[in-house]
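The values are calculated or read from the model by the stated rules, or taken from the named source; none is laboratory data. None of these values were measured; they are calculated from a predicted model. Here the Cβ positions follow ideal geometry from the backbone for every residue, glycine too, while neighbour counts run over all protein chains shown.
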Amino acid sequence: MILLTHGYFLEEDEKEQLIMKPYVPLGILYLSAYLETKAIKHEVFDSTFSTSEKFKTNLLEKKPKILALYTNLMTKISVIRIIHFVKQHAELQDCRIILGGPEIRFNAENYLKQGVDMLVIGEGEETFYELCEAYLKNAELPKTISGTAYLEQGVLILNPERDLIKDINTLPMPAREKINLRLYGDAWKKHHGYSMYSVSTMRGCPYTCKWCSRAVYGGTYRRRSAKLVVDELEFIKNTYSPDRIWFVDDVFTINHKWLKEFRDEVLKRKVMIPYEIITRADRMNEEVIGMLKESGCFRVWIGAESGSQKIIEAMNRRVEVGMVREMIIKTKQAGMEAGTFIMLGYPGETKEDIRETIQHLKISDPSFYTITVAYPITGTPLHEEVKEQMHAGKSWEQSTDRENNFDRQHSKQFYTQALDWVYNEVHFSKTTSLLKKCKFKLRSLKAQTKMLLAG
């Protein structure tokens, strides 16, 4: 038996329990759907709403011949625990562990040394199918399949890279029927008042932001036809009655011709479901905003990362901060919500750059914004730039890249206080209550004092 899972347990993620916005594991569901077209029997264990103990019981009962684990930053620690569990139980000695996902490419040797039998590097469908087919015939994992890696007497062996699937329109829809999808909708409904399901229309991103990982698809861009995307929306609408859709694409409005086809298809077939996207300001204009609105978009997340043009250029974002502000404002004027992302602590950022970010948020006045402190993901240009200045922390198997720290312009405590400074200054500008203004300004001054002391 072949078992697919992703190793993410919501009950083990305290932060996500507070947020409660679980997303369907589309990666393994695409893999499952592809195996179905090849008549490869398998099962999917959706760990999100389960527990690690139930999963271990499932492993011991089913004794899968192949255990395929999707691995990313969120699941790394859990996946390593699962690997160790399998290797420590004699009942599972015949189980072969195969890993895939964005964590794999630049950590190949480390994962294999944990006891993994083989890695699928890059796009997974064709590679994993070939592995399964060969193993089911010969009871051995083949060692010559493109896109795989393994250890041979302790030495890392990397097979040639597999070509990406040229036409992703040939891929089936994710096999959502393999899991209890309604658990996701119910969780959203309970905590936010509406159900939300995720959809992917594209693979890859051609942009070059230095902090962003391109470990799976590289710098490519491939997209499913507008008709097939609307087919999927229609299926989800008829089967699950969603309140909203979340498009997981990196840059939803990258291709304006495609967007027009999508808008026209949605309107022609009357498959209108309110949806939310991420995009870039330089791939927006008034016509694009209009098409988004007409096709059901209610919220647009527009990447900014900083209000300082100097820092945006250091990130290789290739966008003007003034354009970001303009598109946020125009999106809101069109009657949609506009969110944005902010990143503090990027190499070279000073207090003045953070001040420019605060001003940027005050002027653009997004409906929502999130703030993170920059961390270098292994394999990214940012990681290469700062790896000599990185601080040693926990061992590799006990930590994730989110914990990576390096010598910045200021201390880690400085940026912790900077988050409070940004938050309180922005809220100071938004509120009309004199009492609240005083409260936010006092908190802002307190944060700035602590920043000065933190150095």
(request) May I ask you to list the residues in the range 333-357 that are closer than 30 Å to F298 by Cβ and within 25 Å of the chain's Cα centre (by Cα)? (result) M336, E337, A338, G339, T340, F341, I342, M343, L344, T357
(request) Name the one entry in K362, K330 that is under 23 Å from V288 (Cα atoms) and surrounded by fewer than 22 Cβ atoms within 10 Å (Cβ to Cβ). (result) K330
(message) Kindly evaluate K54 against the criterion of being of a type in the set (K, R) and at pLDDT below 95.
(response) no
(message) All but one of (1) surrounded by fewer than 20 Cβ atoms within 10 Å (Cβ to Cβ); (2) over 23 Å from E133 (Cα atoms) hold for A39; state the number of the condition that does not hold.
(response) (2)
(request) Those residues that are touching a helix residue (DSSP H, G or I) at 6+ places or on another chain (Cβ under 6 Å) and closer than 13 Å to L67 by Cα, I need them from the range 3-30; list them, please. (result) L4, H6, G7
(message) Restricting to the range 241-261, name every residue that is over 19 Å from R299 (Cβ atoms), surrounded by 15 or more Cβ atoms within 10 Å (Cβ to Cβ) and under 24 Å from the mean Cα position of the chain (by Cα).
(response) N255, W258
(message) I'd like the residue in the range 370-389 that is within 22 Å of R105 (Cα to Cα), touching a helix residue (DSSP H, G or I) at 6+ places or on another chain (Cβ under 8 Å) and of a type in the set (A, V, I, L, M) and, out of all such residues, is surrounded by the fewest Cβ atoms within 10 Å (Cβ to Cβ).
(response) I377
(request) Could you tell me whether the range 3-16 includes any residue that is touching a residue at least 60 places away in the same chain (Cβ under 8 Å), in contact with a Pro (Cβ under 6 Å, 6 or more places away or on another chain) and outside any helix (DSSP H, G or I)? (result) yes
(request) Keeping to the range 339-369, report how many residues are charged (D, E, K, R) and either within 16 Å of M284 (Cα to Cα) or in a loop (DSSP other than H, G, I, E, B) (or both). (result) 2
(message) Looking only at residues that are closer than 24 Å to E384 by Cβ and of a type in the set (D, E, K, R) in the range 70-112, which one is modelled with the lowest pLDDT?
(response) E103
(request) Give the residues of the range 109-124 that are part of a helix (DSSP H, G or I) and over 20 Å from I28 (Cβ atoms), sorted by residue number. (result) E109, N110, L112, K113
(message) What are the pairs with Cβ atoms under 6 angstrom where one residue, in the range 162-173, is within 19 Å of G100 (Cα to Cα) and in contact (Cβ under 8 Å) with a residue 12 or more places away in the chain and the other, located anywhere, is part of a loop (DSSP other than H, G, I, E, B) and among the acidic types (D, E)? Sequence gap at least six, or different chains.
(response) L164/E123
(request) Identify all residues within the range 17-70 that are hydroxyl-bearing (S, T, Y) and free of Cβ contacts under 8 Å to residues at least 60 places away in the same chain; write none if there are none. (result) S47, S50, T51, S52, T57
(request) Run down I312, I273, I277 and say which single residue is in contact with an Asp or Glu (Cβ under 9 Å, 6 or more places away or on another chain) and without any contact (Cβ under 8 Å) to a residue 12 or more places away in the chain. (result) I312
(request) Starting from the range 74-97, keep only residues that are touching a residue at least 12 places away in the same chain (Cβ under 8 Å), then list their pairs with residues that are acidic (D, E) whose Cβ atoms are within a distance under 6 Å, requiring at least 6 positions of separation or different chains. (result) K76/E103; I80/E397; R96/D117; I97/D117
